[in-house]
Amino acid sequence: MKNIYIALFLAIIISIPLQDIYAAYPAETDDNPFSVYFLGVGISGSTFPKNSSTWKNISFSIDPNDHVIGGSFDGMESSIRASLTTNIDRKSNFLLPISYEYMFMRAGELIYYNLTPQINYHGTFNHKIDVQKFSIGLDWQALQTPFKDVKIYLGLDAKAFLITNQEFTRTDVKIQNDSTVQIDKFPYLPKEDAFRFGCEGKIGFRGHLINKFYLNTFIGYEVFNLLGREDKRGQLFTPFSKYEPKEELITAWHYYLSIEYKF
């Protein structure tokens, strides 16, 4: 998934007409506050730090002092996002972004174990969580680039996260003499839904593409549970809380790419 974001980014950069490079800077705007709006739709991805509870494997640790059942979300988790951004000053140096994002967290593991030379099992774990993100923030368009009408911005967002629809299922496939003879599914009772408050710092750029369409992309570092942690629930994105005495702080790198319409 990460390669898709990189390919889209390079394709858009290459498509910028050469005559726009190092063109004269656009004239300073003089708009009334809350008079310029960008409506955007895009895709994003989040990656969690290695060795965090979210990233670790679902399997039990062999160390009795380290029984951690991770979420197994060790790849890039995809999202779709809609945003509305408006100016809050006459020069449009400061923008107010409001967004809604839906993240699809999906994980799976395959485990093999043999009972006899003739009988073995293929075990699979499937883990699913949906996360809704609500955010409002402040973007500062800090730097005009040598490209025509392309500005680099810094931003800070306040965020709320609704964690829902958790599912965890183990499927055992019994194979005897190279033939499947039995399939058993074991759904587990999921953790209750959760609501957390967090934040995100980001750096990105917004640039004019064609007519009233703009490209907006950023890289951010977000905190999912700065406020509202509940130790009795255990870790935020794991299937069980049996060996989890507290809820640790969960962070992720956040990558975003969108097309915006200015009106």
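Some notes on this structure:
- Checking the stated criteria, LEU236 turns out to be part of a loop (DSSP other than H, G, I, E, B) and either without any contact (Cβ under 8 Å) to a residue 12 or more places away in the chain or not charged (D, E, K, R) (or both).
- Every test in (1) farther than 17 Å from GLN166 by Cα; (2) at pLDDT 90 or above; (3) within 26 Å of the chain's Cα centre (by Cα); (4) surrounded by fewer than 16 Cβ atoms within 10 Å (Cβ to Cβ) is passed by ASP89 save one, and that test is (3).
- Looking only at segment 93-129, and only at residues there that are among the polar types (S, T, N, Q) and within 22 Å of PRO239 (Cα to Cα), the one that is nearest to the chain's Cα centre (by Cα): ASN126
- Among the residues of segment 29-57, the ones that are on the phi > 0 side of the Ramachandran plot and in contact (Cβ under 8 Å) with a residue 12 or more places away in the chain come to 1 in all.
- Residues in segment 241-263 that are in contact with a Gly (Cβ under 7 Å, 6 or more places away or on another chain) and assigned to a loop (DSSP other than H, G, I, E, B) were compared, and the one that is surrounded by the fewest Cβ atoms within 10 Å (Cβ to Cβ) is SER241.
- Residue count, segment 60-78 (criterion: of a type in the set (A, V, I, L, M) and either surrounded by fewer than 16 Cβ atoms within 10 Å (Cβ to Cβ) or at pLDDT 90 or above (or both)): 2
- Segment 176-204, residues that are surrounded by fewer than 17 Cβ atoms within 10 Å (Cβ to Cβ) and within 24 Å of LEU84 (Cα to Cα): PHE195, PHE197, GLY201, ILE203
- Test result for THR116, among the β-branched types (Val, Ile, Thr), part of a strand (DSSP E or B) and more than 24 Å from MET76 (Cβ to Cβ): no
- Residue, modelled with the highest pLDDT, within segment 20-59, restricted to residues that are under 18 Å from GLU247 (Cα atoms) and exposed (fewer than 14 other Cβ atoms within 10 Å of the Cβ): PRO49
- Here LYS212 clears all of (1) in contact with a Cys (Cβ under 9 Å, 6 or more places away or on another chain); (2) under 20 Å from ILE152 (Cα atoms) except the condition numbered (1).
- Those residues of segment 92-113 which are part of a loop (DSSP other than H, G, I, E, B) and either surrounded by fewer than 15 Cβ atoms within 10 Å (Cβ to Cβ) or among the small types (Gly, Ala, Ser) (or both), in sequence order: SER92
The values are calculated or read from the model by the stated rules, or taken from the named source; none is laboratory data. None of these values were measured; they are calculated from a predicted model. Because the Cβ atoms are built from the backbone with ideal geometry, glycine has one as well, and the counts that use them run over all protein chains shown.
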